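Participant: Below you'll find the structure I mean.
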Amino acid sequence: MAHTDTTMRRTLRREAPSTVGLLADAQDFAAMRHYRTFTFDDHTVYLQQVESLLKTLTAQGVHTTVALFDPEDYAEFCAESGLDADTGTSRSRFTAEIAAAGATVTYTGQRLSDLIPVLVSRAVRQATWEYATLLLADLGNCADCGQDIGRAAFDRASHLLMRLLETAGPGTHHLVCSTPTENDQFLAVLHTHRDTTGPARLDSAEGAEFATVLAVAIALESRGGVVLRTSAPDSPDRVHGWRLAHGALAPLTAGEVFNAYCTDADTGEPVSPESGVEYCAGFDIGADPAEPHH
């Protein structure tokens, strides 16, 4: 009977998913060392132990995801929930919370050094999308027509994105939308593939994030821009670009695309063009005209 109970528990353990909260950088790790019950004192050793734990869980057949553990968010969570932050139980509860609502990466045996950049990128993307969504929601209704400004901007952005994907043709497409805001630079990335027949295939979450960032540029009439890079077999990559103007994507010239792609965004210094890449003018995406802005 004891053997049977042990076997059943092991079976249940394999079917119970696990989440590991990861302190990805040394600064966050140092912040957690202020807690007495957090016993690690070396970030490198900590990362090695996390990787060993992930491998062990996977070897046991446990589905495991990794979430980014933010010490500031953790302190706020404990304060709002009335929890003692200096306990492993509180850290476990917080990890469960961020796994349910935050960005995670499934561990499949990859090296931790490869997993961390993906996790950080996913967390940044989610934070950008959440902030952009709140910004659109706070715009309220148009004083003249009563229309929800954020919703109208999102609908317009979705229309522009669909027209862009439809006119881009077959190939693997990498799109980037960027727009400045008062406090930050919003950036969204979208990967799609389209065969010679049929519509483009894209991740719905990426599509929503891209449309939301583009909607912010439309609603705020900021200097938004979109770059499209297309890869196809036996041909050089093609790069096209557009600027946002009055709720529409206005094509850039080939020279403007070259300058944008071959200039360091931080220093303004020229960057050597990539070999095997053609810098092309943007094309007409055939979108319906934008409604008059109120």
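The values are calculated or read from the model by the stated rules, or taken from the named source; none is laboratory data. Keep in mind that this is a model prediction, so the values were computed, not measured. Every residue, glycine among them, receives a Cβ derived from its backbone with ideal geometry; neighbour counts consider all protein chains shown. Accessible surface is based on the protein model in full, side chains and every heavy atom, while ligands, DNA and RNA are left aside. Shrake-Rupley method; radii C 1.70, N 1.55, O 1.52, S 1.80 Å.
Participant: With (1) surrounded by fewer than 16 Cβ atoms within 10 Å (Cβ to Cβ); (2) modelled with pLDDT of 90 or more; (3) under 29 Å from the mean Cα position of the chain (by Cα); (4) not in a helix (DSSP H, G or I) as the list, and Gly61 as the residue in question, which single condition is left unmet?
Facilitator: Unmet for Gly61, out of (1) surrounded by fewer than 16 Cβ atoms within 10 Å (Cβ to Cβ); (2) modelled with pLDDT of 90 or more; (3) under 29 Å from the mean Cα position of the chain (by Cα); (4) not in a helix (DSSP H, G or I): (2).
Participant: Please indicate, with yes or no, whether at least one residue in region 147-154 is closer than 20 Å to Val124 by Cβ and either at pLDDT 90 or above or more than 21 Å from the chain's Cα centre (by Cα) (or both). Can you show your working first?
Facilitator: Keep residues of region 147-154 that are closer than 20 Å to Val124 by Cβ, which gives none.
Looking through region 147-154, none of the residues is closer than 20 Å to Val124 by Cβ and either at pLDDT 90 or above or more than 21 Å from the chain's Cα centre (by Cα) (or both).
Participant: Oh, and also: Please tell me if Ala287 is among the small types (Gly, Ala, Ser) and either in contact with an Asp or Glu (Cβ under 8 Å, 6 or more places away or on another chain) or assigned to a strand (DSSP E or B) (or both). Walk me through it before giving the result.
Facilitator: Details: among the small types (Gly, Ala, Ser): yes; either in contact with an Asp or Glu (Cβ under 8 Å, 6 or more places away or on another chain) or assigned to a strand (DSSP E or B) (or both): no.
So Ala287 fails the test.
Participant: Confirm whether Thr95 is among the β-branched types (Val, Ile, Thr), open to solvent by less than 30 Å² (accessible area, probe 1.4 Å), farther than 21 Å from Ala26 by Cβ and under 26 Å from the mean Cα position of the chain (by Cα).
Facilitator: no
Participant: Now, a different point. Looking at region 103-123, which of its residues are farther than 12 Å from Ala24 by Cβ and open to solvent by 30 Å² or more (accessible area, probe 1.4 Å)?
Facilitator: The first filter runs over region 103-123 and keeps only residues farther than 12 Å from Ala24 by Cβ, leaving 104, 106-111, 114.
Thr104, Thr106, Thr108, Gly109, Gln110, Arg111, Asp114, listed by residue number.
Participant: Just to be sure before I move on: is Ala16 at pLDDT 90 or above, out of contact with any His (no Cβ under 8 Å at 6 or more places or on another chain) and not polar (S, T, N, Q) in the structure I sent?
Facilitator: Details: at pLDDT 90 or above: no; out of contact with any His (no Cβ under 8 Å at 6 or more places or on another chain): yes; not polar (S, T, N, Q): yes.
Answer is no for this residue.
Participant: Please enumerate the residues belonging to region 229-257 that are over 28 Å from Ala153 (Cβ atoms) and open to solvent by less than 80 Å² (accessible area, probe 1.4 Å).
Facilitator: Applying the first criterion (over 28 Å from Ala153 (Cβ atoms)) to region 229-257 yields 231-238, 254-255.
Residues satisfying the conditions are Ser231, Ala232, Ser235, Pro236, Asp237, Arg238, Ala254, Gly255.
Participant: Test of understanding: among Tyr74, Tyr46, which residue is under 30 Å from Glu206 (Cα atoms), open to solvent by less than 50 Å² (accessible area, probe 1.4 Å), part of a helix (DSSP H, G or I) and at pLDDT 90 or above?
Facilitator: On the way: Tyr46 fails: under 30 Å from Glu206 (Cα atoms).
That would be Tyr74, the only listed residue that is under 30 Å from Glu206 (Cα atoms), open to solvent by less than 50 Å² (accessible area, probe 1.4 Å), part of a helix (DSSP H, G or I) and at pLDDT 90 or above.
Participant: From the list Arg194, Arg151, Arg223, which one is buried (at least 19 other Cβ atoms within 10 Å of the Cβ), of a type outside the set (A, V, I, L, M, F, W, C) and touching a helix residue (DSSP H, G or I) at 6+ places or on another chain (Cβ under 9 Å)? Don't jump to the end; show me each part of the working.
Facilitator: Details: Arg151 fails: buried (at least 19 other Cβ atoms within 10 Å of the Cβ); Arg223 fails: buried (at least 19 other Cβ atoms within 10 Å of the Cβ).
Sole residue among the options that is buried (at least 19 other Cβ atoms within 10 Å of the Cβ), of a type outside the set (A, V, I, L, M, F, W, C) and touching a helix residue (DSSP H, G or I) at 6+ places or on another chain (Cβ under 9 Å): Arg194.
Participant: Now, a different point. Could you tell me which numbered condition Val118 fails, if it satisfies all but one of (1) aliphatic (A, V, I, L, M); (2) out of contact with any strand residue (DSSP E or B) (no Cβ under 8 Å at 6 or more places or on another chain); (3) free of Cβ contacts under 8 Å to residues at least 24 places away in the same chain?
Facilitator: The number of the failed condition is (2).
Participant: Applying the selection to region 133-154, what residues are free of Cβ contacts under 8 Å to residues at least 24 places away in the same chain and under 26 Å from Asp203 (Cα atoms)?
Facilitator: Keep residues of region 133-154 that are free of Cβ contacts under 8 Å to residues at least 24 places away in the same chain, which gives 134, 137-138, 140-141, 146, 148, 151.
Once the filter is applied, which keeps residues that are free of Cβ contacts under 8 Å to residues at least 24 places away in the same chain and under 26 Å from Asp203 (Cα atoms), region 133-154 yields Leu134, Ala137, Arg151.
Participant: Looking at (1) modelled with pLDDT of 95 or more; (2) assigned to a loop (DSSP other than H, G, I, E, B); (3) within 22 Å of Ser113 (Cβ to Cβ), which one does Phe29 not meet, given that it meets all the others?
Facilitator: Of the numbered conditions (1) modelled with pLDDT of 95 or more; (2) assigned to a loop (DSSP other than H, G, I, E, B); (3) within 22 Å of Ser113 (Cβ to Cβ), the odd one out for Phe29 is (2).
Participant: Looking at Leu175, is it in contact with a Leu (Cβ under 7 Å, 6 or more places away or on another chain), assigned to a helix (DSSP H, G or I) and closer than 19 Å to Asp284 by Cα? Step through it out loud before you land on a result.
Facilitator: Values: in contact with a Leu (Cβ under 7 Å, 6 or more places away or on another chain): yes; assigned to a helix (DSSP H, G or I): no; closer than 19 Å to Asp284 by Cα: yes.
Answer is no for this residue.
Participant: Can you tell me how many residues within region 187-219 are modelled with pLDDT under 85 and more than 25 Å from Pro233 (Cβ to Cβ)? Working first, answer last.
Facilitator: Quick first cut of region 187-219, residues modelled with pLDDT under 85 only: 196-205.
The next check asks that each one be more than 25 Å from Pro233 (Cβ to Cβ); those that pass are 204-205.
Here the count works out to 2.
Participant: Within region 197-220, which residues are open to solvent by less than 30 Å² (accessible area, probe 1.4 Å) and more than 18 Å from the chain's Cα centre (by Cα)?
Facilitator: Selection gives Ala200, Ile218, Ala219.
Participant: If you don't mind, another one. What pairs come out if I take residues in region 47-76 that are in contact (Cβ under 8 Å) with a residue 12 or more places away in the chain and farther than 16 Å from Ala26 by Cα and pair them with residues that are open to solvent by less than 20 Å² (accessible area, probe 1.4 Å) and assigned to a loop (DSSP other than H, G, I, E, B) whose C-beta lies under 6 Å away, six or more apart or interchain?
Facilitator: Leu54/Tyr107; Thr64/Tyr107; Val66/Tyr107
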